[in-house]
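Contents: one structure, followed by commentary.
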Protein chains: 2
Amino acid sequence: MKTLFQIGETKVIGEIATILKTRDPSVIAGIGDDAAVIRFGKKSLLFTTDALLEGIHFDWRFTTPNLLGRKILSVNLSDIAAMGGRPRWAVISLALPGRTPLRVLREFYRGLESQARAFGVQVVGGDTDHSAKGWKITLALLGESRRAVYRRGARAGDRLWVTGTLGDAALGLALLKKREIRTFSEKKFTKAHLDPIPRVNEGKALAEGNLATGLIDVSDGLLLDLERLLTASGVGARLDGDAVPWSPGFFEGCLSLRLDPLLLSLTGGEDYELLFTAPKHRTREIQRVFSRLKTRVTCLGEIMSRRGLEISGGGKKVLKFARKGYLHF
Amino acid sequence: MKTLFQIGETKVIGEIATILKTRDPSVIAGIGDDAAVIRFGKKSLLFTTDALLEGIHFDWRFTTPNLLGRKILSVNLSDIAAMGGRPRWAVISLALPGRTPLRVLREFYRGLESQARAFGVQVVGGDTDHSAKGWKITLALLGESRRAVYRRGARAGDRLWVTGTLGDAALGLALLKKREIRTFSEKKFTKAHLDPIPRVNEGKALAEGNLATGLIDVSDGLLLDLERLLTASGVGARLDGDAVPWSPGFFEGCLSLRLDPLLLSLTGGEDYELLFTAPKHRTREIQRVFSRLKTRVTCLGEIMSRRGLEISGGGKKVLKFARKGYLHF
């Protein structure tokens with residue numbers, strides 16, 4: 001019998017979804033999107049969970065308890081944003097060594113509370129356990145929505161869009177691992193990794209304006225999350241590698257670490273940007289909405305009826321990548 | 001600055017509750033009860049989370065993936081039962097070594113699904129991560145309720161009741177740690193530890209019949225959870241140690257391991273029974289309801305206006321215990 005490593009994350013999730021069959025008619029969407037969608041009264045509930053584990057997702061040499069408190073909420077907020085929802089209530093489960101000073105625990109919860117306040121979330125409960133083997137943080141977040149946007153809605157002819165810039169968090173992590181951070185632009189990249197800004201307002205604007213046909217967050221790398229959106233929608237895409245949005249200083253930062261900037265921005269994880277599709281005739285409206293939100297938005301290419309992904313860039317017709325993003329197994 | 005071990009769980013939770021202040025008027029009850037209560041439309045949502053960690057809460061020498069899948073839901077179901085609610089939807093976060101065989105993961109999810117089906121719960125999403133350091137399982141459960149029952153409602157003169165029997169799970173764990181399990185009654189005790197039955201139907205009946213004034217589940221030991229109920233209600237109690245309900249064979253099992261049966265049944269953890277208070281004139285009705293549910297229910301004593309806990313038993317007036325139950329720090 002094969003192990004989870006040998007099978008890979010995509011098939012593992014497929015196996016789980018087969019066992020946990022949806023029987024409840026109140027469940028509009030279960031396993032397989034960024035958050036579950038549940039009909040409850042007149043509105044819909046969005047329900048998601050995400051974890052940060054010491055040694056896997058974070059390293060105490062690079063982060064602080066306060067930033068970690070902010071980030072465990074941010075990664076879950078991004079899932080609600082990816083459904084176009086409004087985040088509301090959270091419960092947190094924290095396992096940490098009993099020898100941890102109270103001051104450290106306080107800093108963690110202050111960070112969590114500051115991000116909760118910024119996004120209108122109330123942390124309503126939790127569970128704290130002793131763990132001899134490092135910190136394990138799990139948060140479950142509830143949101144609400146009048147009109148959720150799913151991965152599965154992309155249609156041939158739609159334009160493919162992404163918010164913000166790509167690769168910053170991956171470059172930030174590489175910078176943290178390599179050396180001391182000195183310049184202003186280096187700090188911007190490490191912040192993208194340590195304290196990402198979830199695109200909650202952008203997701204809500206897309207849902208409320210009925211602008212997006214398909215929507216997902218870029219948490220495991222653009223190519224991998226794009227593939228998930230395309231698979232869910234049963235379509236393909238043409239992606240213009242030259243259009244991939246980079247931060248000022250990103251190119252130079254990559255070169256200084258001998259990293260390929262295109263590879264990093266297409267496959268680096270933890271961007272927490274929104275990737276979405278929209279009909280061509282909504283282009284002006286999208287640009288207007290994002291200009292009002294003061295958030296960069298970039299057209300990356302087009303959705304095609306033929307399955308598969310064509311990537312052009314640097315004058316070449318097709319680029320190939322061995323690794324599309326971050327898989328947990 | 002003191003560590004969490006030095007401060008103790010009760011004060012740690014107090015510190016967390018101070019930081020995570022409730023600002024949202026939709027939150028009827030936040031940190032400090034078995035589950036949070038949230039107003040959403042015409043009904044209330046109940047929201048809780050609980051974790052099982054390898055090496056802290058379970059040991060692979062004693063349990064199986066299937067039983068563990070059942071138990072992570074059961075411990076959360078008990079929290080919803082302790083509010084008198086109806087459990088509905090869950091998300092699960094699982095961290096486990098990538099070298100785990102797929103078969104083991106399947107067994108875990110099949111166990112989870114079987115218990116979900118038995119209690120009308122739908123698992124709608126989750127998160128699976130690689131963890132080099134053992135299994136970490138966190139589940140968040142949503143329930144609904146028309147009339148939640150809180151810890152804080154016990155009043156002087158009320159009778160104090162408990163469902164089922166106490167100490168079985170603690171004896172079961174002691175048996176597992178000591179030797180092979182051979183007799184039928186030994187298996188009953190180990191089952192109480194490995195595969196507890198949450199009192200969901202009993203909690204719903206208490207809420208629907210408006211029978212209980214105060215309600216909590218006994219997960220960390222009767223004395224500790226009783227103290228929590230009394231503190232939340234601002235009252236005291238007289239507890240009749242001779243009335244504490246024991247399973248057939250419990251006394252003999254304790255003696256064979258040289259364990260004090262009264263101590264074990266008052267302070268042993270993981271009973272997942274319901275402890276509740278009710279006015280004296282509801283006694284007949286309570287007995288009728290539990291007889292219909294085929295669940296044992298026992299009157300343990302009385303609520304007093306004077307704070308503190310008086311325990312009588314074995315002819316003595318007052319019994320004292322150094323340790324009231326299971327604290328995580």
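None of the figures in this text is laboratory data; all of them are computed from the coordinates on show. Given the structure is predicted, the values throughout are model-derived calculations rather than measurements. Neighbour counts run over all protein chains shown; Cβ positions are idealised from the backbone, glycine included.
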**Asked** How large is the dipole of chain A about the Cα centre if only Lys and Arg carry +1 and Asp and Glu carry -1, each at its Cβ, rounded to the nearest 20 debye?
**Response** 440
**Request:** Could you tell me which of rounded, prolate or oblate describes the stretch B:151-312, using a ≥ b ≥ c as the square roots of the eigenvalues of the alpha-carbon gyration tensor, with rounded for a/c under 1.5 and, failing that, prolate when a/b is larger than b/c and oblate otherwise?
**Result:** prolate
**Request:** Quick one: what are the phi-derived ³J(HN,Hα) couplings along the stretch A:113-126, Karplus 6.51/-1.76/1.60 with θ = phi - 60°, whole Hz, x for glycine and proline?
**Result:** 5, 5, 6, 4, 4, 4, 10, x, 9, 10, 7, 9, x, x
**Asked** Spin-label point model (7 Å from Cα, Cβ direction): what's the A:R99 to A:K187 distance in nm?
**Response** 3.4
**Request:** Can you grab the distance from the C-alpha centre of the stretch B:177-219 to the C-alpha centre of the stretch B:108-166, Å, no decimals?
**Result:** 12
**Prompt:** Over the stretch A:158-202, what is the mean sequence separation of C-alpha contacts under 8 Å (at least six apart), divided by residue count, expressed as relative contact order in percent?
**Reply:** 41
**Prompt:** List the aspartates and glutamates whose alpha-carbon lies under 12 Å from that of A:K188, not counting same-chain residues fewer than 8 positions away?
**Reply:** A:D168
**Complete:** With +1 on the Cβ of every Lys and Arg and -1 on the Cβ of every Asp and Glu, the dipole magnitude of the stretch A:151-312 about its Cα centre, in debye rounded to the nearest 20, is 340
**Residues B:K177, B:K294 arranged by fewest to most Cβ contacts within 10 Å** = B:K294, B:K177
**Item:** Length-normalised contact order for the stretch B:151-312 - Cα pairs under 8 Å, 6+ apart - percent
**Value:** 46
**Message:** What number does chain A give for Rg over Rh if you use C-alpha atoms and the Kirkwood radius?
**Reply:** 0.95
**Fill in**
For A:G268, the residues 5 or more places away or on another chain with a placed amide H closer than 5 Å to its own amide H are A:L222
**Prompt:** If you count, for each residue, the other Cβ atoms within 10 Å and average over each peptide, how do B:81-92, B:120-131, B:159-170 line up from highest to lowest?
**Reply:** B:81-92, B:159-170, B:120-131
**Complete:** Distances in nm between the label point of B:E15 (7 Å along Cα→Cβ) and its equivalents in the other copies, shortest first, are 4.1
**Asked** Relative contact order of chain A: what whole-number percent is it, with Cα pairs under 8 angstrom and at least 6 residues apart?
**Response** 22
**Complete:** Mean per-residue count of partner chain Cβ within 10 Å for B:103-110 equals 4
**Asked** Which three extents, in whole angstrom, do the alpha-carbon atoms of the protein assembly as shown cover along their principal axes, largest first?
**Response** 92, 48, 47
**Message:** Quick one: 3J(HN,Hα) in Hz for the stretch A:82-99, Karplus 6.51/-1.76/1.60 with θ = phi - 60°, rounded, Gly and Pro as x.
**Reply:** 6, 10, x, x, 10, x, 10, 9, 9, 10, 10, 10, 10, 10, 8, x, x, 7
**Request:** If a/c stays under 1.5 just call it rounded; otherwise compare a/b with b/c (prolate if a/b is bigger, oblate if not). Do that for the stretch A:4-145, with a ≥ b ≥ c from the square roots of the Cα gyration tensor eigenvalues.
**Result:** oblate
**In sequence order, calculated HN-Hα J values of the stretch A:248-265 (Karplus, 6.51, -1.76, 1.60; Hz; x Gly/Pro)** = x, x, 5, 4, 5, x, 5, 4, 5, 9, 6, 9, 7, x, 5, 4, 5, 7
**Asked** Taking a threshold of 29 Å on the Cα-Cα distance, which of the pairs B:K71/B:K177; A:K133/B:K187; A:K42/B:K204; A:K43/A:K191; B:K71/B:K178; B:K133/B:K178 fall above it?
**Response** A:K133/B:K187; A:K43/A:K191
**Prompt:** Among A:269-277, B:41-49, how do they line up from the highest to the lowest mean number of other beta-carbon atoms within 10 Å?
**Reply:** A:269-277, B:41-49
**Asked** For chain B, modelled as a Gaussian network with Cα springs under 10 Å, which listed residue fluctuates most, B:V200, B:V104, B:V218?
**Response** B:V104
**Item:** Value at 222 nm in deg cm²/dmol, rounded to 500, when DSSP H runs of n ≥ 4 in chain B each add -39,500 (n - 2.57)
**Value:** -10500 deg cm²/dmol
**Message:** Please give the Cα centre distance for the stretch B:253-273 versus the stretch A:13-82, rounded to the nearest Å.
**Reply:** 39
**Fill in**
Residues meeting the amide H criterion for B:T128 (H placed from the backbone, H to H distance under 5 Å, 5 or more places apart or on another chain) are B:L94
